[in-house]
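As structure tokens, the structure follows; a few thoughts come after it.
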Amino acid sequence: MTTKKNQPTHPLDSLVRTDRIPHIWCPGCGVGTAFSSCLIAMKSSGIDLQKTTMVSGIGCSARGPGYTNLDSYHTTHGRAIPYATGMKLANPQLNVVVFSGDGDLFAIGGNHFIHAARRNIDLTVVCVNNLNYGMTGGQVAATTPSLSKTTTTPQGNPEPPFNLPLLAFASGATYVARWTILHTRDLTKSIEEALQRRGFSFIEVLAPCPTGYGRRNRERPLDALRFYQEKSIIKNDAHPADIILDYQKGITLGTFVDVEKPTFTDIYEKTCRLDPAACM
Amino acid sequence: MRPEVLTGEHFLTGDEACAEGALAAGCRFFGAYPITPATEIAERMALYLPEVGGTFIQMEDEIAAMAAVLGASSAGAKSMSATSGPGFSLMMENFGLGIYTEIPCVLVNVQRAGPSTGLPTMPAQGDMMQARWGSHGPYEVIALAPSSPQEMFYQTITAFNLSETFRLPVLIMADEVTGHLSEKVVIPEADAIKLQTRKLPRGRKDRFKPFQPGPDEVPPMAAAGEGYGIHVTGLTHDERGYPAMSPEAHEKLVARIVGKIRNNRHRIIQTESYRLDDAEIAIISYGVSGRSSLAAVDEAREKGIKAGLLRLITVWPFPEELIESLAKKMKALVTVEINLGQIHLEVERCSRGRCASFLVGHAGGTVISPDRILESLEAIHK
């Protein structure tokens with residue numbers, strides 16, 4: 001760490017590769033706040049950080065692991081979850097955290113998400129949802145609201161977006177939550193819970209992208225935060241099919257699923273490991 | 001419980017022997033997606049990996065399989081996947097990630113006839129150039145070509161040893177016939193099998209630079225969870241593993257990952273010569289075509305044609321110097337392979353016009369018969 005003597009240190013410095021700062025995130029971007037919450041949660045959760053690894057795909061959020069002073073893997077676009085799956089299965093002692101964006105995890109990587117959730121691989125997946133592809137300059141994503149303008153939907157998005165918590169729930173995730181970057185305490189607590197749970201945990205974090213999304217949709221940098229404050233309704237335990245994400249009607253936040261199920265590794269150990277004849 | 005090494009004489013298919021080679025080499029993670037004619041490798045690994053403490057998982061597609069294999073190796077396990085043409089295409093992006101982030105693992109392609117779905121149950125050797133150039137950007141690969149179940153066993157061990165020594169995904173480019181053919185496979189005692197494992201870091205953990213190479217141009221490798229706090233990225237990176245976005249950093253890194261293979265090619269390349277000493281026509285072949293070629297050489301000799309065979313056990317890196325020296329001595333070089341000319345182009349390139357060069361090949365679906373090779377040798381001999 002190259003902290004100068006007179007400079008005050010940040011409480012998260014021990015978890016940050018300070019020699020990699022400044023980061024790439026734009027002014028007004030929400031990724032950094034989600035990232036801080038994730039680091040605080042890692043610290044406060046009591047998990048063994050030496051045994052903790054962060055994995056990402058490609059995109060703005062996917063740069064997070066590169067700034068983390070832990071074992072971190074910045075892989076290919078969409079493939080963080082299968083990469084993390086291999087890590088977890090090869091060494092079940094690892095705490096494997098996937099920190100990536102909505103485009104990465106749900107468009108190009110959507111197939112991997114549903115299968116890892118179905119298998120109940122013991123991962124913590126934090127998805128920063130900024131409603132578009134930020135790194136490539138603001139293209140439509142699988143999470144972009146209908147009729148929103150992006151560089152590839154210049155007349156308005158003809159597609160409906162995914163309801164990510166519903167998708168996670170339907171696929172078998174054992175912990176599902178949604179927060180915004182304005183709700184940092186709830187978010188941090190939720191990530192902390194997810195880190196302590198065994199099983200496939202998913203947390204969606206709504207975050208503004210003024211550079212890519214906001215400026216094409218009459219959303220000034222603070223507007224998104226105002227929406228988060230005025231329109232959000234916290235409904236813990238709400239059924240994921242009933243939750244909404246609509247800047248006019250409201251945004252449902254909360255922890256929607258928190259159940260226990262045996263993980264892939266638990267079942268593999270019981271069924272395959274001891275009596276190989278049972279595998280046949 | 002079965003032993004890790006199935007010492008003894010067995011009657012196995014090439015695919016089964018490949019799985020046995022992997023188990024004997026210490027492979028402890030296998031991620032795959034079913035595909036003819038490679039599925040039997042996955043099936044045997046699914047059955048036996050848990051018995052030796054490993055984990056098998058059938059992933060949702062080959063993209064995921066390759067990603068999981070890289071992840072498992074990053075976490076410290078010797079890892080492997082097996083596929084065929086269509087799956088091989090899907091794996092290429094992550095194969096490139098493995099090359100660039102220097103993650104050891106083994107990838108088997110039991111080749112079937114392409115393009116596209118092609119002839120799924122029939123042999124070909126049409127992916128040899130894809131093996132070399134299938135991912136994007138400049139890089140070097142190591143690819144082996146077994147020609148029998150016995151070689152499937154040994155080459156799988158060799159592939160793991162090379163991958164661990166040079167830190168890269170190593171390819172085994174088999175073919176449907178070699179994969180499905182049943183033959184005697186002799187598996188030695190465990191003590192008689194030499195295994196290599198990745199070089200481990202030494203010294204202070206907080207000062208470790210994960211991409212600082214040793215004199216052999218290969219960096220030691222720390223696994224996740226060992227306390228080194230490493231960063232690994234598919235972006236161009238410096239010795240610390242940090243993204244380094246400049247043409248200079250790119251040149252330096254690419255030069256090293258290319259150099260570590262090219263400069264060590266004499267340690268890597270293996271070939272087998274048959275009746276080449278007094279030959280006038282040399283056949284260059286590999287895999288199942290190497291076996292047809294062997295028969296053709298004997299038949300040609302009976303007819304008074306001085307033919308010999310250079311069988312490539314390592315196809316990539318290509319034995320450039322050896323081909324060049326053969327071209328100086330021979331009247332003609334004949335490449336025999338089940339495609340329309342892939343390694344043939346390499347042979348032509350390396351012979352630099354010093355002798356005539358011919359191809360005996362077809363688009364795939366069956367082996368090349370010794371008769372067809374013999375016809376070609378007779379025509380050249382005239």
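The values are calculated or read from the model by the stated rules, or taken from the named source; none is laboratory data. Since the model is a prediction, treat every value here as computed from it, not as a measurement. Reconstructed Cβ throughout: ideal geometry from the backbone, glycine too, with neighbour counts over all protein chains shown.
Key figures for this structure:
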| item | result |
| --- | --- |
| Matching residues in region A:101-126 - criterion: being within 10 Å of chain B (Cβ to nearest Cβ) and either more than 16 Å from A:Ser201 (Cβ to Cβ) or of a type outside the set (A, V, I, L, M, F, W, C) (or both) | A:Ile108, A:Gly109, A:Asn111, A:His112, A:His115, A:Arg118, A:Arg119 |
| Count - residues of region A:85-110 that are over 16 Å from the mean Cα position of the chain (by Cα) and assigned to a helix (DSSP H, G or I) | 5 |
| Failed item in (1) away from chain A (no Cβ under 13 Å); (2) in contact (Cβ under 8 Å) with a residue 60 or more places away in the chain, with B:His266 passing the rest | (2) |
| Test for A:Leu131: is it on the phi > 0 side of the Ramachandran plot, without any contact (Cβ under 8 Å) to a residue 12 or more places away in the chain and away from chain B (no Cβ under 14 Å) | no |
| Condition check for B:Ser293: touching a strand residue (DSSP E or B) at 6+ places or on another chain (Cβ under 6 Å) and either farther than 15 Å from B:Val360 by Cβ or assigned to a helix (DSSP H, G or I) (or both) | yes |
| Members of region A:42-62 that are surrounded by fewer than 24 Cβ atoms within 10 Å (Cβ to Cβ) and not hydroxyl-bearing (Ser, Thr, Tyr) | A:Lys43, A:Gly46, A:Ile47, A:Asp48, A:Leu49, A:Gln50, A:Lys51 |
| Those residues of region B:235-251 which are outside any loop (DSSP other than H, G, I, E, B) and among the aliphatic types (A, V, I, L, M), in sequence order | B:Ala249 |
| Output for region B:354-370, where each listed residue is within 28 Å of the chain's Cα centre (by Cα), outside any strand (DSSP E or B) and of a type outside the set (S, T, N, Q) | B:His362, B:Ala363, B:Gly364, B:Gly365, B:Val367, B:Ile368, B:Pro370 |
| Residue match in region B:51-59 (condition: acidic (Asp, Glu) and closer than 23 Å to A:Pro92 by Cα) | yes |
| Answer from B:Ala113, B:Ala159 - the residue that is touching a residue at least 24 places away in the same chain (Cβ under 8 Å), within 22 Å of B:Ser79 (Cβ to Cβ) and small (Gly, Ala, Ser) | B:Ala159 |
| Selection count where residues are in contact with a Cys (Cβ under 9 Å, 6 or more places away or on another chain), over 22 Å from B:Glu226 (Cβ atoms) and of a type in the set (Ser, Thr, Tyr), scope region B:50-87 | 1 |
| Neighbours by Cβ (under 7 Å, 6+ apart or cross-chain): first from region A:68-96, more than 18 Å from B:Met91 (Cβ to Cβ) and within 7 Å of chain B (Cβ to nearest Cβ); second among the charged types (D, E, K, R) and crowded, with 24+ Cβ neighbours inside 10 Å | A:Leu94/A:Lys88 |
| Every residue from region A:136-171 that is assigned to a loop (DSSP other than H, G, I, E, B) and touching a Phe, Trp or Tyr at 6+ places or on another chain (Cβ under 7 Å) | A:Gly138, A:Ala141, A:Ala142, A:Thr143, A:Phe162 |
| Condition met for B:Leu340 (of a type outside the set (Gly, Ala, Ser), part of a loop (DSSP other than H, G, I, E, B) and touching a strand residue (DSSP E or B) at 6+ places or on another chain (Cβ under 7 Å)) | yes |
| Residues (surrounded by fewer than 24 Cβ atoms within 10 Å (Cβ to Cβ) and outside any strand (DSSP E or B)) located in region B:109-124 | B:Gly114, B:Pro115, B:Ser116, B:Thr117, B:Gly118 |
| Residue list for region B:257-290, filter: buried (at least 18 other Cβ atoms within 10 Å of the Cβ) and either among the acidic types (Asp, Glu) or farther than 20 Å from B:Phe358 by Cα (or both) | B:Ile257, B:Lys260, B:Ile261, B:Asn264, B:Ile268, B:Ile269 |
| Some residue of region B:66-79 being of a type in the set (Lys, Arg) and closer than 28 Å to B:Pro210 by Cβ | yes |
| Test: residue in region A:63-80 that is surrounded by 16 or more Cβ atoms within 10 Å (Cβ to Cβ) and farther than 20 Å from B:Ser74 by Cβ | no |
| Scan of region A:32-83 for residues that are of a type in the set (Gly, Ala, Ser) and part of a strand (DSSP E or B), ordered by number | A:Ser56, A:Ser72 |
| All positions within region B:74-102 that are part of a loop (DSSP other than H, G, I, E, B) and more than 10 Å from chain A (Cβ to nearest Cβ) | B:Ser84, B:Glu102 |
| Yes/no for B:Val288 being closer than 30 Å to B:Ser369 by Cβ and in a helix (DSSP H, G or I) | yes |
| Tally of residues being more than 8 Å from chain A (Cβ to nearest Cβ) and either closer than 17 Å to B:Met173 by Cα or in a helix (DSSP H, G or I) (or both) across region B:35-64 | 14 |
| Filter result for B:His266 (more than 24 Å from the chain's Cα centre (by Cα), assigned to a helix (DSSP H, G or I) and not assigned by TED's automatic domain parsing to the domain that holds B:Ala174) | no |
| Members of region B:17-34 found to be within 14 Å of B:Phe153 (Cα to Cα) and outside any loop (DSSP other than H, G, I, E, B), listed by number | B:Ala17, B:Cys18, B:Ala19, B:Glu20, B:Gly21, B:Ala22, B:Leu23, B:Ala24, B:Ala25 |
| Exclusive hit being out of contact with any strand residue (DSSP E or B) (no Cβ under 8 Å at 6 or more places or on another chain) and either at negative phi or surrounded by fewer than 20 Cβ atoms within 10 Å (Cβ to Cβ) (or both), set A:Thr151, A:Thr174, A:Thr136 | A:Thr136 |
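Every residue, every condition in (1) of a type outside the set (Phe, Trp, Tyr); (2) surrounded by fewer than 20 Cβ atoms within 10 Å (Cβ to Cβ); (3) at negative phi; (4) within 14 Å of chain B (Cβ to nearest Cβ), yes or no:
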{"residue": "A:Ala207", "(1), (2), (3), (4)": "yes, no, yes, no"}
{"residue": "A:His239", "(1), (2), (3), (4)": "yes, yes, yes, no"}
{"residue": "A:Lys249", "(1), (2), (3), (4)": "yes, yes, yes, no"}
{"residue": "A:Phe256", "(1), (2), (3), (4)": "no, no, yes, no"}
{"residue": "A:Thr263", "(1), (2), (3), (4)": "yes, no, yes, yes"}
{"residue": "A:Lys270", "(1), (2), (3), (4)": "yes, yes, yes, yes"}
